[in-house]
Every structure is written in C-alpha cells, then in structure tokens.
Amino acid sequence: MRAIALCGFVCCFFFSGGAFGESVTPSLLERNENPILIKSDQLLTDTHNRTASFSGKVTARQGDLALYADRIVVHYGADGGNVERVECFGTVRVVQKNRTGTAGNAVYDNKQGKIVLTMAPKVYQGEDMISGSEITYYLADQRSVVTGTSTVRVEAVIHPKGKRDADTSH
C-alpha cells in the first residue's frame, strides 16, 4: 500500500488539461489555478504538428511541483488548446515536497490518464524508494504498476515507520 502511495505523487504532473473529472483532489484543483512557469534555453513551436518543444535545462513549476528535464515536448489536440501528451527527455526529475521521481524519459498521456516513467525510473519518498524498468501511474484509479524485465527487477526499499520515528527522536 505504501508503495502505491509512494508512486502517487506523480499524478500531480503539470499539464493536466482538466481530464481528471470528479476524482481531482482539492490540492490539485488549487495547483491548476496557479500559472505554469516554464524556463528553457530554447522554445520551438510547430503549428502544423501542434507541438511546443522546450529544450536546454528545462524547468517547469506550478504550485508546489517542479519538473526538470533536458527537453519537454508538449503535443496539443486538434482544437489547439488541450494538451494530449507531454514527453520529457533526458535527466527527468519531478519534485513535490519530500517526494521525487527520476527517469530518463517520462510521458504524460492526457487521454489515457496515465504517466509512464522509463529509463531507470525511481520514485523516492523520504528514505523510501521504488524502482523497476517502467513505472506507470493511472490517475483516475490512483494506482501504479511497476514492471521489471529479465535484467531489471522491481525493487522497493520501505523503512519501517517505527524505526524512522525512533531515529528522528534522538
């Protein structure tokens, strides 16, 4: 159960596009009211292909969330406004309070309501960590699937709560 909660923070990914319906938590609603601030070395837009590509030390912030990547490509729908998919490449890091997700690539699919972290994905919450070959978080269900391969096994490090509390009370 804690492993699922550990992966859950990624549901607060930035470019939500309002696809969460009634399952949206109040904190996510508050976050979506905040502006998204994106900084990068370069921005290329392609109206024909409906993309915006940010590259070079990309940082994106909204509320208490921060996203870092070498490159982010935002794919817009035919209507021009809704985000269909966001792809993050290079040293990807998503940070919210004491939770951090890292990967080589991340893809947020607005239509399917999921986020997929690949290329050595790891999610940390405090000292706890989970990793595998792919971490998928399903937003509407608030569930995650961590998969492994024959060479990369799923690994979880979960510290007992009592031990953590005892270690911090000295």
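Structure notes:
- Qualifying residue in the stretch 108-128 (condition: free of Cβ contacts under 8 Å to residues at least 40 places away in the same chain, charged (D, E, K, R), in a loop (DSSP other than H, G, I, E, B) and in contact with a helix residue (DSSP H, G or I) (Cβ under 9 Å, 6 or more places away or on another chain)): yes
- Residue 125 being modelled with pLDDT under 90 and touching a Ser or Thr at 6+ places or on another chain (Cβ under 9 Å): yes
- Against the conditions (1) under 15 Å from residue 106 (Cα atoms); (2) at pLDDT below 85, residue 58 satisfies every one except (2).
- Residue 5 being of a type in the set (A, V, I, L, M), at pLDDT below 60, surrounded by 12 or more Cβ atoms within 10 Å (Cβ to Cβ) and outside any helix (DSSP H, G or I): no
- Condition met for residue 87 (within 26 Å of residue 120 (Cβ to Cβ) and not basic (Lys, Arg)): yes
- A single member of 105, 49 is part of a loop (DSSP other than H, G, I, E, B) and of a type in the set (S, T, N, Q), and it is 49.
- Scanning the stretch 59-82 for residues that are among the aromatic types (Phe, Trp, Tyr) and within 12 Å of residue 93 (Cβ to Cβ) returns a single hit, 68.
- Checking every residue in the stretch 139-148 against the condition of being under 17 Å from residue 67 (Cβ atoms), at pLDDT 85 or above, in a strand (DSSP E or B) and not hydroxyl-bearing (Ser, Thr, Tyr) gives zero matches.
- Residue that is buried (at least 18 other Cβ atoms within 10 Å of the Cβ), among the hydrophobic types (A, V, I, L, M, F, W, C) and touching a residue at least 24 places away in the same chain (Cβ under 8 Å), where the choices are 103, 140, 66: 103
- Residue within the stretch 151-164 that is surrounded by 18 or more Cβ atoms within 10 Å (Cβ to Cβ) and of a type outside the set (Lys, Arg) present: no
- Among the numbered conditions (1) out of contact with any Gly (no Cβ under 9 Å at 6 or more places or on another chain); (2) of a type outside the set (D, E, K, R); (3) under 22 Å from residue 38 (Cα atoms), the only one that residue 90 does not meet is (1).
- Odd one out for residue 56 among (1) crowded, with 16+ Cβ neighbours inside 10 Å; (2) of a type outside the set (Val, Ile, Thr); (3) under 26 Å from residue 39 (Cα atoms): (1)
- Breaking point among (1) modelled with pLDDT of 90 or more; (2) in contact with a Lys or Arg (Cβ under 8 Å, 6 or more places away or on another chain); (3) surrounded by fewer than 15 Cβ atoms within 10 Å (Cβ to Cβ); (4) not acidic (Asp, Glu), for residue 132: (3)
The values are calculated or read from the model by the stated rules, or taken from the named source; none is laboratory data. Since the model is a prediction, treat every value here as computed from it, not as a measurement. Here the Cβ is made from the backbone with ideal geometry for all residues, glycine too, and neighbour counts use every protein chain on show.
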